[in-house]
There are 2 protein chains.
Amino acid sequence: MVNQQKDTEQKIMDAAKEVFQQKGMTGARMQEIADKAGINKALLHYYYRTKEKLFEKVFNIAFSIFIPRMQEIMLSEKPVFEKIEFFIESYMDLLTKHPYIPGFVINELNRNPQILVNIFEKNIHIKESNLFEKFDAQIQAEVQKGIVKPIDTRNLMTNVIGLIVFPIVARPIIQGIMFDNDKKQYDAFLKQRKDFVKEFIINSIKA
Amino acid sequence: MVNQQKDTEQKIMDAAKEVFQQKGMTGARMQEIADKAGINKALLHYYYRTKEKLFEKVFNIAFSIFIPRMQEIMLSEKPVFEKIEFFIESYMDLLTKHPYIPGFVINELNRNPQILVNIFEKNIHIKESNLFEKFDAQIQAEVQKGIVKPIDTRNLMTNVIGLIVFPIVARPIIQGIMFDNDKKQYDAFLKQRKDFVKEFIINSIKA
DNA sequence: AATTGGTTTAACCATTTGGTCAAATTTAAG
DNA sequence: CTTAAATTTGACCAAATGGTTAAACCAATT
């Protein structure tokens, strides 16, 4: 059955995602992935020859999840404030659905910064479109028009992304220290934070 | 010689720090730590019986580096704005000296959130002094006095810490995407960012 | 029914890895 | 100098781990 193949491959990917994102490349075990996918370990190597290759695929998919939305928002014709608000809203939702990915990406990128280069080589369009420079141009234009305070775009973007991502990757610490390790309370905190961050950012840059 | 012991133990700790912080608990190899310390692998186990125990010690030390300064600043008698500015200044400096620690801590805490509980058990004073509630009280007092905008302390602290830590833990990504992987440029960015973050935060909360 | 091609498995292998042990060496004390 | 205790080492071990292989299985084609 040609469908069985697709199915097995998908089961492997699902299992690999789970294990890799939770334990990292070095902590993951091929046997555990095989078990979780309900197959034999040899079958894993039949589909993805090495652990490295399997990991690379999982990493690429994880990383890719965050790219298209960014492009869509950044390249749209909205004014800066709207873009930022939409960006925050959109990515905080996305992270709620994929909370393990940022930590996973950050961690593995620290282990091996070279991966980024590989990704760029395989997805040239990401760098090609040069999102950053276009957004920077728009901001400086609105600064000229007196809508936005003079600001360095790199600092601003670091702030926006940081405020979104940090509470997710540092969840165990923040939840443990500031929320008595109460999961529900922290979920509520994250939900409530969406509007807070929007206001926080907009307030700080509006002229 | 009683001093040789101290020396060996220190050499082990230095080596262990380096390897664990760069490769994580699962990625680290006892052999590599021994090599880096210039000793036999068996000697490693003589001083720290298991990998787990050695790791725990390294983790505790790493985590502890960030606690005393926080207590000192938070419990001082300064007004909120000064505390925040001093906090940012102080921790950005500290992170420049120990850039690997935050990623290390975040990563290992995701792998095993239980570690935090153990640390609290061994360093009860951290929780006991209840920094958070005292700082919260001070802020609400200054809100009453009309110095600070009404604000949720947890959100504020998450922002402050996030803006400080994020550019460090996500360095490979940000540097790669926004700075053409130019190390010197990114170091300059971090240096310049200190005042930027201070202004950014203060601006957003002053009444 | 026989053949063919992809899929799946059980058994196996080589290497790595955390950990142990008995012997050797060094250090401090009597 | 002798002795006893602490320190250090080389050799070794059992388990875990990524990976391989040959055979079995299964669906579709002739």
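A short reminder: the numbers here are calculations on the coordinates, not readings from a lab. All figures in this text were calculated on a predicted structure; none of them were measured in a lab. Cβ placement follows ideal geometry from the backbone for every residue including glycine, while neighbour counts extend to all protein chains displayed.
In nanometres, what is the gap between the two model label sites at A:E52 and A:R69, each 7 Å from Cα along Cα-to-Cβ? That separation, rounded to one decimal, is 3.3 nm.
Under 22 Å Cα to Cα from A:K191, which lysines show up? Leave out anything in the same chain fewer than 8 places away. List returned: A:K83, A:K97, A:K183, B:K149.
Under 5 Å between amide hydrogens, built in the peptide plane, is the criterion, and for A:V148 it picks out A:V143, A:A207 among residues at least 5 positions away or on other chains. Estimated purely from DSSP H runs of n ≥ 4, each contributing -39500 (n - 2.57), the mean residue ellipticity at 222 nm for chain B is -26000 deg cm²/dmol once divided by its residues. Inter-label distance, A:E82 to A:K41: 5.6 nm, where each label sits 7 Å from its Cα along the C-beta direction. Shown for B:F81: label points 7 Å from Cα along the beta-carbon vector, and their distances to the equivalent points in the other copies, 2.5 nm in ascending order.
Legend: helices of chain A (whole DSSP H runs) are marked when their alpha-carbon atoms reach 18 angstrom or more along the helix axis and their mean Kyte-Doolittle hydropathy is at least 1.0; marked are A:153-169. Per residue of peptide B:21-31, the mean number of Cβ atoms on other chains within 10 Å of the residue Cβ is 3.
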